[in-house]
Amino acid sequence: MTDARSEIPISSNSDDTLVGVLERIVFYNEENHYTIGELHTEGTGASVVTILGALPGVQCGETLELEGIWVAHRMRGRQFKIASFRSRLPASIYGIRKYLGSGLVPGIGKTYAEKIVARFGEETLHVISEQSVRLREVPGIGENRAKAIKKAWEEQSALRDVMMFLQTYGVTTSQCIRLVKAYGVFARMVLETEPYKVAREIDGIGFRTMDKIASNLGLPTEGAARLEAGILHALGELEEEGHTAVPSSRLIAHAARILNVLPEKISAALEALVGSKHLVLFEPGEASALAEPGQAAVTSLLAITSHTWIASPQQARAEAEIATSLERLLSYPSSLPAIHIDRAIAWAQDKAGFVFAPAQAEGIRSALANKVSILTGGPGTGKTTILSALCTILLAKKARIVLAAPTGRAAQRMGETTRLPASTIHRLLGFAAEKGHFLHNANNPILADVLIVDEASMLDNRLAAALLRAVHANTHLLLVGDTNQLPSVGPGNVLHDIIASRRAAVTTLSSVFRQGARSQIVLAAHDILQGRIPLPEPIQDARHLSPEHEFQFVTTPTPEACVAQVTTLCQKILPEKFSLDPWCDVQVLAPMHKGMVGIQGFNAALQRVFKPAAARGIGGHGGLRFEEGDKVIQVRNNYDKNVFNGDLGRIITVNPERGMLTVDFDGVKIDYERADLTELQLAYAITIHKSQGSEFNTVVIPLMKSHYVMLQRNLIYTALTRGRKRVILVGDPQAYAMAIRNIENAQRLTTLPMRLEK
C-alpha cells in the first residue's frame, strides 16, 4: 500500500482529469475500497499509468473518468491520486473491445468481442443497443445468439444504471446483479423510494449501505422505516455473535447506538415489529412465552420491559421445535429390539480384541439404554471405539442405523470409522428445491432405530431443529461431539444447552487411550485444555522442519515474514520434503478474515504461486479473480444447488464469455453464474471457524499478535485438532501463549435452556 509520506504533488491543478480503461487491479482493501490499479489512458499519447484511491465496485475492463492530482512516489514514480470517479460506457475502439471482452456482458467473450468490434468499430455499442439484428453480419453469430446478446445487453444496461447509482457506496457487482434479478427495470426506483426494503430482501446488501443511501435521499432519520430496519439489523448483528434471543434492553441499547437516536424511539418501533410479527417477544418463566412464535406475538402487545426477550421468528421457532422434538423422543418407547446390554458389550469386546475402559463401556450402555444420549470428549479419548462397537452390536441385532454429520468431510470420516454409509445432515434430510423445504420432516420422518450424529457441536439452531423434527418418535438419538471446540458458526449453542438441561444422558470421556497417547497432536490438544503452554522447540526456518515430528512451530518476527514462510511451506517445502499434495493434503487455517495475515492476504499470496500459466478466469469485485484450478469454499447454504456452507471444491472450468464457472465438490460438479460468485471464496486458506468438522493430513496455522482479537483457547484447540498427521504453527510464540491463557469465551444467549426446563 502506498505510504502518503512518500508522495510529493507534482501538479498545481487540484482537479486534473484522466480517462481510460482499468487494465489491472494491483491492490484492493475490502474495508475502505482503497485501490492501486493500472489505467490504459485514452486519446493521444495513450499509456498505462498507476492510479490510487477509493474505487468501490469497479472491475477490470471498465472505462473510468477520474479527477485528482498527479503525485510522485519516491520508489514507484509518477502516479495519479484519485479524488472522485465515475464509470461510463467506453467510447474508443480499444475501450469497447476491452469492455466486451471482459465478460461483463454474458454471451460476449474475447473472441466475439474482437469480431464484433472489427465489424462495427466505434458504432459497436450503438449497434448492440439499437440495431441488434445487424449482429448477424458477424461470422458465427446467428439469430439466437444475436437475441441472447441483445437480452444480455438490456440486463447489463439496467445493471449499469444501478451500479452507477451505487458505486460510491461500495456495493459489489454481484450484489448489483442480485438487485436487478430481484427488481428488474424497477431496481433503481426501489433503491430511491424504499432503500430499507432492499436491506431486508437482498442477501449481502446490508442496512448500513442502504442507510447511507436513505440519508443522501433525505429520508427522515427517525422515520418508522429506518427505525424498524435498524432494529432488525441490530438483532442480525447479535445473531452473528451467536445469540438466538436477547433481553429487550440489550437490543434497544444496541439499536440506539447504531441509529444514533434515543432509546425511547426504539421502544415504540420495537412494539410495532412485534405487532407485525417481524419479531417475537416472550417473558422467561411464563408458559405463554413458550407458545408458537406467531401466537406469542398475537396474544397482546405486552409492555416491553427489561425482562422481555426478543428473537426473530425463525430463531424462536427453531428453539421451540428443538425442545418439543426432544420431549417427543423422550416420551415415546424405543423401536430397538431387546438387547442384554452387558452381554452385548462383552461380545463387542471379544470382537474388538481388547477390553473397553469403564468410560467407553458406559458410553455404549448409555446409547443403548437411553432414547436421547450424548457422547462428548476430546481427540484420542475413545469416541471412535464406542461408535465402532455400538454399530457392531446394532448390526448384529439387525437394527436400522443412520449416520450423519454436519459436513461432508466429517460424514466421510464417520463412514470410514464405522464402515457404514454416512451422509451430511442436509443430504440426509433431502431438500426439494421446487417445494422449498426438506423432504424429511415430522410428517415424513427418517426411518431408523438409531440415529447417530457426529460433530454435534457444529449444530446451529435451525439445522438442529430441522434434523430433530425429522427424527421418528421411536428412534434412539446419539449426539457425538467435543464441547471444547468452537460453537457453531450459526446462532445457537445446541449441544451445550442440551447437556446443561440434563434432559439427555451424557457420557464424558477424558482419558487418552492407546494410539492417541502417542500422538503429539493429541497430547498438545489436551495440554491446551489444561492451560499448559509448552511448545515444541521453535524453528527459525521452515526448511528445517522434521518429517519425524507431528507438531512443530516455525517462528516469524513480522506478518510479512509469516506470509512468506507459509507460502514457501505450501508451494515447495511440504510437496518436496514431505511428498504432500498441496491441493489435497495441506490446508492453511487462519484466525481472521482481514489483514495481511488473514485469509484474504494468504489467499492472494497462495493464488499467485499456484496459479497455472494462462489460466482462464472471471473477475470478481475488488480485484478478486476466480481461475481454473483455484481451490474454493462455499460460504452459504444453497439448497437449489445442493451445496452448503463449508463445502470445499476446485474450479475445473471457466467460461468468461458466459460469465460462468464450474466447481468440482468431491466429484459433484456445480455451475455458478456471475451473480452466484458471492457464495464462493478462495480456499487456499480458510478460517478456523470454517474448518470445523473437517480433518486434513497437514494443517498450517499462522499465529501472530495481530490476531489478538480472535486469540482464544478454544480457537487454537479447534485448529490443532483439525490436523490428522501434522500440525505446523507459523508465527509468534507469544501469540500462542496469549491464546492459551484466554478462556474468556463469549457467552451465547439462547432461550433453549428455558424451553427445555418446561
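Roughly what angle does helix 224-240 make with the longest principal axis of the chain, taking Cα atoms, 0 to 90 degrees, to the nearest 10?
50 degrees
State, to one decimal in nm, how far the label point of ARG419 lies from the label point of ARG86, with both points 7 Å from Cα in the Cβ direction.
Simple spin-label model gives 7.2 nm for this pair.
Of the listed pairs LYS572/LYS611; LYS594/LYS690; LYS110/LYS641; LYS197/LYS641, which have alpha-carbon separations greater than 18 Å here?
Flagged as over cut-off: LYS110/LYS641; LYS197/LYS641.
By how many degrees, 0 to 90 and rounded to 10, does the Cα axis of helix 520-529 deviate from the longest principal axis of the chain?
Approximately 80 degrees, to the nearest ten.
What's the extension gain from ALA182 to THR111 if we count 0.36 nm per residue and subtract their Cα-Cα distance?
22.5 nm
Report the Cα centroid-to-centroid distance between region 397-448 and region 581-605 in angstrom, as an integer.
So the two Cα centres are separated by 31 Å.
Would you pull out the residues with amide H under 5 Å of THR653's amide H, same chain only if 5 or more places away, H placed 1.01 Å from N?
Distant-sequence amide H within range of THR653: THR662.
Skipping prolines and chain starts, which residues have an amide H placed within reach, meaning under 5 Å, of the one on HIS472, given they are 5 or more residues away or on another chain?
Those qualifying (amide H under 5 Å, at least 5 residues apart or on another chain) are ILE446, ALA448.
Starting with the highest mean, order 146-157, 662-673 by the number of other Cβ atoms within 10 Å, averaged over the residues of each peptide.
Ranking, from highest mean packing down: 146-157, 662-673.
If amide H atoms are built 1.01 Å from N in the plane of the peptide, which residues on other chains or at least 5 residues away come under 5 Å of the amide H of PHE282?
TRP309
How high is the relative contact order of region 516-599? Use alpha-carbon pairs under 8 Å, at least six apart in sequence, and give a whole percent.
20 percent
Take the alpha-carbon centre of region 630-684, take the same for region 321-349, and report the distance between them in whole Å.
Each part's Cα centre sits 40 Å from the other's.
Assuming a ≥ b ≥ c are the square roots of the Cα gyration tensor eigenvalues, decide whether the chain counts as rounded (a/c under 1.5), prolate (otherwise, with a/b larger than b/c) or oblate.
prolate
How much length, in nm to one decimal, is gained on full extension between GLU757 and GLN349, taken as 0.36 nm per residue of separation minus their Cα-Cα distance?
Answer, rounded to one decimal: 143.1 nm.
Tell me which aspartates and glutamates have Cα within less than 14 Å of LYS265's Cα, excluding those fewer than 8 residues away on the same chain?
Candidates past the 8-residue exclusion: GLU222, GLU228.
From the phi angles alone, apply the Karplus equation (6.51, -1.76, 1.60; θ = phi - 60°) to region 669-675 and give each ³J(HN,Hα) in whole Hz, x where the residue is Gly or Pro.
Calculated HN-Hα couplings, in order: 9, 10, 8, 10, 8, 4, 5 Hz.
Taking the 0 to 90 degree range and rounding to the nearest ten, how far is the long axis of helix 313-331 tilted relative to the main principal axis of the chain, both from C-alpha atoms?
It works out to around 20 degrees.
Gap in Å between the Cα centre of region 471-495 and the Cα centre of region 727-758?
17 Å
Please give, to one decimal in nm, the separation of the simple spin-label points placed at ASP640 and LYS594, each 7 Å out from Cα toward the Cβ.
Inter-label distance under the simple model: 3.0 nm.
Could you sort 18-27, 447-456 so that the peptide with the highest average Cβ count within 10 Å comes first and the rest follow in order?
So the order, starting with the most tightly packed, is 447-456, 18-27.
Kindly provide the helix-only [θ] at 222 nm of the chain, computed as the sum of -39,500 (n - 2.57) over DSSP H runs of four or more divided by all residues, to the nearest 500 deg cm²/dmol?
Taking each H run of at least 4 residues, the total per residue is -11000 deg cm²/dmol.
Arrange the peptides 371-379, 652-660, 561-569 so that the one whose residues have, on average, the most other Cβ atoms within 10 Å appears first.
Put in order of decreasing packing, that is 371-379, 561-569, 652-660.
Which of the lysines could a cross-linker bridge to LYS351, judged by Cα under 28 Å and excluding same-chain residues fewer than eight apart?
Those lysines meeting the cut-off are LYS371, LYS383, LYS397, LYS398, LYS725.
Taking 0.36 nm per residue of sequence separation and subtracting the Cα-Cα distance, how much length would be gained by fully extending the chain between ASP342 and GLU673, in nm to one decimal?
Going from the current span to full extension adds 113.5 nm.
Where the only charges are on Cβ atoms (+1 Lys, Arg; -1 Asp, Glu), what is the dipole of the chain about its Cα centre, to the nearest 20 debye?
Using Cβ point charges on Lys, Arg, Asp and Glu, the chain gives about 1420 debye.
For the residue pair GLU327 and GLU237, what label-to-label distance in nm results when each label sits 7 Å from Cα along the Cα-to-beta-carbon direction?
Here the modelled spin labels are 3.6 nm apart.
Over region 452-496, what is the relative contact order in percent, taking alpha-carbon pairs closer than 8 angstrom and at least six residues apart?
With pairs under 8 Å counted, the relative contact order is 62 percent.
Quick one: Karplus J couplings for region 336-351, per residue in order, coefficients 6.51, -1.76, 1.60, θ = phi - 60°, nearest Hz, x for Gly and Pro?
Working through the residues one at a time gives 5, x, 4, 10, 7, 4, 4, 5, 5, 5, 4, 5, 5, 4, 4, 5 Hz.
Using θ = phi - 60° and the Karplus form 6.51 cos²θ - 1.76 cosθ + 1.60, what ³J(HN,Hα) does each residue of region 79-89 get, whole Hz, x for Gly and Pro?
9, 10, 9, 7, 9, 7, 8, 8, 9, 9, 5
Every number here is computed from the coordinates shown, using simple stated rules; none is lab data. Just so it is clear, the structure is predicted and the values come from calculations on it, not from any experiment. Please note: Cβ atoms are built from the backbone with ideal geometry, for glycine as well, and neighbour counts cover all protein chains shown.
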